[in-house]
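Step one of this worksheet: look at the structure below.
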């Protein structure tokens, strides 16, 4: 059930950000007006950003954002568990168009301030983050939750295709298919190291250039890893 007073505050926050105000300015204005947060505390920029990024105000709901580990500690779900998107789960306060427009505004403001939206922790959240390159446009793939009727599944999509479908026609790839391809590739490297890795290593050594030293060392590490894996098979 939507609380009318709280709904008006949420609408105000989204409208103010769309008008060009920063999150700290919106928080300051709410504090000056004497309007407390839902828990009766003062507003902060972090609180405002939390509201702006919460999909529940569009009527949707993402389940299992957090989970409890084996030691009963609450953890943020960075992909360890499946997440489930339920559309039109409840009454919406903000339209999807407004929500997406605010997200674009925040991203643009961050770029103007020289702030990277995704730090290294985020980039490495999933095993394939930043590692899958689109063969058509060269952009990296992003992890997404797709739906087929009532069934949800993880897929990887070209970031340029997601932003502008006319600039890249690359279709999404299911997470399970990528994992199968990765295992197949690793098996080929393990059993074909003499034909693939070692010849490449010798070619680099033959070039006798100091800038190839780090690449040679990395290949030696890879060869050692494949040997260890082969011994375990």
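Nothing in this text is a laboratory measurement; each read-out follows from the coordinates by a stated rule. Just so we're clear, the structure is a prediction, and the values are computed from it rather than from any experiment. Note: ideal-geometry Cβ built from the backbone for every residue, glycine included; neighbour counts use all protein chains shown.
According to the Kirkwood relation over distinct C-alpha pairs, the hydrodynamic radius of segment 127-174 is 11.0 Å. Put simply, when 157-166, 182-191 are sorted by average Cβ atoms within 10 angstrom per residue, most first, you get 157-166, 182-191.
Starting from the exponent 0.38 and prefactor 2.2 Å, build the expected Rg for segment 4-117 from its residue count and divide its actual Cα Rg by it. Numbers along the way, then the final one.
Details: Rg = 15.7 Å, N = 114, 2.2 N^0.38 = 13.3 Å.
Ratio of Cα Rg to 2.2 N^0.38 Å: 1.18.
Mind ordering 47-59, 23-35 by average Cβ neighbours within 10 Å, highest first? Walk me through the intermediate numbers first.
Details: 47-59: 17.3, 23-35: 15.3.
Ranking, from highest mean packing down: 47-59, 23-35.
Placing one equal scatterer on every Cα of segment 51-106 and applying the Debye formula, the log10 ratio I(q)/I(0) at q = 0.31 Å⁻¹ is -1.13.
When the chain is fully extended, how far beyond the present Cα-Cα distance does residue 76 get from residue 185, taking 0.36 nm per residue of separation? Before the final figure, lay out the partial values.
Numbers: separation 109, 0.36 × 109 = 39.24 nm, distance 3.15 nm.
Once the chain is fully extended between residue 76 and residue 185, it gains 36.1 nm.
For a quick protection proxy, order the peptides 62-73, 97-108 by their average other-Cβ count within 10 Å, most packed first. All intermediate terms of the calculation are to be shown ahead of the outcome.
Values: 62-73: 9.7, 97-108: 14.5.
In descending order of packing, they fall as 97-108, 62-73.
Annotation for segment 52-114 versus segment 128-158: alpha-carbon center distance of 18 Å.
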